[in-house]
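Just so you know, all these numbers are worked out from the coordinates, no wet-lab data involved. Worth saying up front: this structure is predicted, and the values here are computed from it rather than measured. Using ideal geometry, Cβ is built from the backbone for each residue, glycine included, and neighbour counts are taken over all protein chains shown.
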Amino acid sequence: MRINHEEAPVLDALAAYRQRDELAFSPPGHKQARGAAPEVRALLGDAVFYGDLLASGGLDDRRMKSAVLQRAEILMADAVHADHTFFSTCGSSLSVKAAMLSVAAHGEKLLVGRDAHKAVISGLILSGIRPVWIEPQWDTERHLAHPPSAEAFEQAFAEHPDARGALVTSPTPYGVTADLRAIADVCHRRSRPLVVDEAWGAHLPFHPDLPTWAMDAGADVCVTSVHKMGSGLEQGSVFHLQGELIDPDTLASRADLLGTTSPSVLLYAGLDGWRRQMMLDGHKLMSRTLDLAASVRQEIASIDGMHVNDAADFCGPGAGSEFDPLPVVIDIDGLGISGYRAADWLREHHHIDAHLMDHRRISTQLTHADDGDTTTRLLTALRDLGRRASELPRGPETAVPTPAGLRMEQVRLPRDAYFSATEDVPVEQAVGRIAAEMITPYPPGIPVVLPGEQLTEPVVRYLRTGLAAGMNLPDPADPELNTVRVCADGDSA
C-alpha cells in the first residue's frame, strides 16, 4: 500500500457513503438520523447519526473488499513506527486484555506492575493468568507510586524463569514513564515479550521533547487510549505490535474474542482523523502545547500553597524514567485542604473539571486542544482557590498507609477468588478475610484491593477514611464500604 498521510480512509468512506445516497435496510435502526427523537437530534446534531453505520455492509461492502479499516490501520502503524496496528472501539480496557491473552494462558505466569489499571486485573480474572507482582518505585514523602524499575523485573524473572512475559504501565496518569528500553532488554534477553499499557501516551510519538514512545523503546505491544491525550472519541483505542515474539494473527484473534461485533464507525473515524491530524500538524501542535504547559506551570507555581510537580520531583537520579509535563499535577498540601475538596470547589464555583484528585493533589491535564483562553480560565480558578482555601473546612484526614502497609498478601488467584462463593460482611469484620472483589479509587483506576488478597487493617482504614474525605469507589458491591464482599469459605487460602 502506498503511504500517504493526507488520506483518511474511514472519513473518506463516510463521505462517499453520503454522496452515493445509500439507503440501508439494516441496523442501526435510526436510519441516518431519520428515526431519532427530535430532541436528541437537536442536541447531538444529525452528523452523529450520519457517521453511525455498519462497518461491514455500510462503510464498506459486506465482504470488506475496499479494506477501509485495514488501510486506516496500516497508516496508523506507519505513523507510530509499529509493524501492525489494531483499532478498538471498546477502549484500552479491551486492548490490554487482548495483549495479555496473547502472551500468557490460564495458569501461566505474567510479570505485572502492581500499579496496573483495573482493566489489567479484569484480564487476570477472565484469563486465569497467574500474576507475579512487581512493586512500583514508591515516593514515601508524597505517597505516590512510580513505575517499577528494570532491576525489579530482572529479579522477578530470575525467581520466575517460567514467566511468559511482562506488563508495565507507562506513563502513569501523573506523567512518569518507566525505563522502557531497559525493561524491554530484560525481557528480550529471555525471548519474552513486553506489553506496555501506554494509555496516557497517545501524543508521545509526535514530538522529540516528549518521553520515548514504547515502540521506539522496544516494546512488543503497546496499548494507547487515543481519547485520553489525542483527539479520539471516548472508547477509541489502538494497540500496536512489532517484532516476532507475538503472532499478529493471535493478537487479532484475541481482540476479536473480546470485542464487539458491532463496532462504532464514529470511533474509527475519530482514530483515523487524529492520525492524519498528528502526521500533518502534530509537531507544531505539540510544540505549542509544550510551551503553553511550561507557562501554565510557572503561573501555578507562583500561587501560594500550590506546588507543581515536575521531573525533579518524580524522576530521581539514575531512575531511567522520563517526564511528561502535560499532566499538570498540583500538590495543594500547602493550602490545608484535600484534592477531593479542591476539585469539588473548582467544579461548583468555576465549572472547572480536574482530572485526578487524591488526598493532597489535583491534576489539570493539558492537551493540544488547550490554548490561552482555556488556560486563562484555569489560572483564574486556581488563583481564586488559593485565596479562598483558608475559608474551606479541611475535612477528614485520609489515613494513607506506608508502601508496606498498603500491600497485602495474594493468597488466591484473582480468578479463583472472584468466581468463588462469596458473602458480604460488615467492614468491621473484613480484616483477615480474602477479598472477592476489586476496590478501586477512581480516578485513576488503580485497585487498592484485588480479589484473592487478604484484607488488612491499614488498607481497610485507608479506604474508609478516604471515602469520608471524598474518595470515589465505584466498583465494590457496596460503594459506601459498609460491607465488603469476601470469599464465603472463611480465611483459608
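Points to keep in mind about this one:
- Relative contact order (percent, whole number), the chain, Cα cutoff 8 Å, 6+ residue spacing: 14
- Modelled label reach - residue 353, point 7 Å along Cα→Cβ, the stretch 31-60 residues with backbone N closer than 18 Å: 43-45
- Förster radius 25 Å - calculated FRET efficiency between residue 34 and residue 74 (Cβ-Cβ, nearest 0.05): 0.15
- Trypsin sites (Lys or Arg not before Pro) restricted to the stretch 63-151 and DSSP loop, no more than 12 other C-beta within 10 Å: 63, 65
- Gain on full extension, evaluated as 0.36 nm per residue between residue 421 and residue 50 minus their Cα-Cα distance, stands at 128.9 nm.
- Each listed q (0.12, 0.14 Å⁻¹) maps to a log10 I(q)/I(0) for the chain, found by the Debye formula over equal Cα scatterers with no solvent: -1.19, -1.48.
- For the chain, lysine pairs with C-alpha atoms less than 23 angstrom apart, excluding pairs fewer than eight positions apart on the same chain, total 6.
- Extension gain (nm, one decimal) between residue 234 and residue 105, 0.36 nm per residue minus Cα-Cα: 43.5 nm
- All Cα pairs of the stretch 403-487, percent lying beyond 22 Å: 14
- Backbone amide hydrogens, once placed in the peptide plane, bring residue 328 within less than 5 Å of 364, 365, 366, excluding anything fewer than 5 places away on its chain.
- Dividing the Cα radius of gyration of the stretch 304-401 by its Kirkwood radius returns 0.99 for Rg/Rh.
- Size of electric dipole in the stretch 403-487: Cβ of Lys, Arg +1 and of Asp, Glu -1, about Cα centre, debye, nearest 20: 220
- Calculated from backbone phi, Karplus (6.51, -1.76, 1.60) coupling profile of the stretch 326-337 in Hz, x at Gly/Pro: 6, x, 7, 8, 10, 7, 10, 4, x, 7, x, 10
- The value of relative contact order for the stretch 403-487, using C-alpha pairs under 8 Å at least six residues apart, is 39 percent.
- Here the gap between residue 388 and residue 310, fully extended at 0.36 nm per residue and compared with their Cα-Cα distance, gives a gain of 25.6 nm.
- Hz values of 3J(HN,Hα) by residue in the stretch 256-267 - Karplus curve (6.51, -1.76, 1.60), Gly and Pro given as x: 5, 4, 8, x, 7, 8, 10, x, 7, 5, 4, 5
- Counting DSSP beta bridges with both ends in the stretch 111-183, the antiparallel % (nearest 5): 40
- When both bridge partners sit in the chain, DSSP labels roughly 70% of those beta bridges antiparallel.
- Remark: the chain carries a charge dipole of roughly 740 debye about the Cα centre, counting +1 on each Lys and Arg Cβ and -1 on each Asp and Glu Cβ.
- Under 5 Å between amide hydrogens, built in the peptide plane, is the criterion, and for residue 132 it picks out 110, 111, 112 among residues at least 5 positions away or on other chains.
- By the helix-only formula, in which each DSSP H run with n ≥ 4 contributes -39500 (n - 2.57) and the sum is divided by residues, the chain has a 222 nm mean residue ellipticity of -11500 deg cm²/dmol.
- Amide H partners (placed H, <5 Å) of residue 306, local residues excluded: none
- Each peptide in 181-189, 233-241 was scored by the mean count of other Cβ atoms within 10 Å over its residues; highest first, the order is 233-241, 181-189.
- D_trans [Stokes-Einstein, Kirkwood Rh over alpha-carbon pairs] for the stretch 65-260, 37 °C, 0.692 mPa s, µm² s⁻¹: 198
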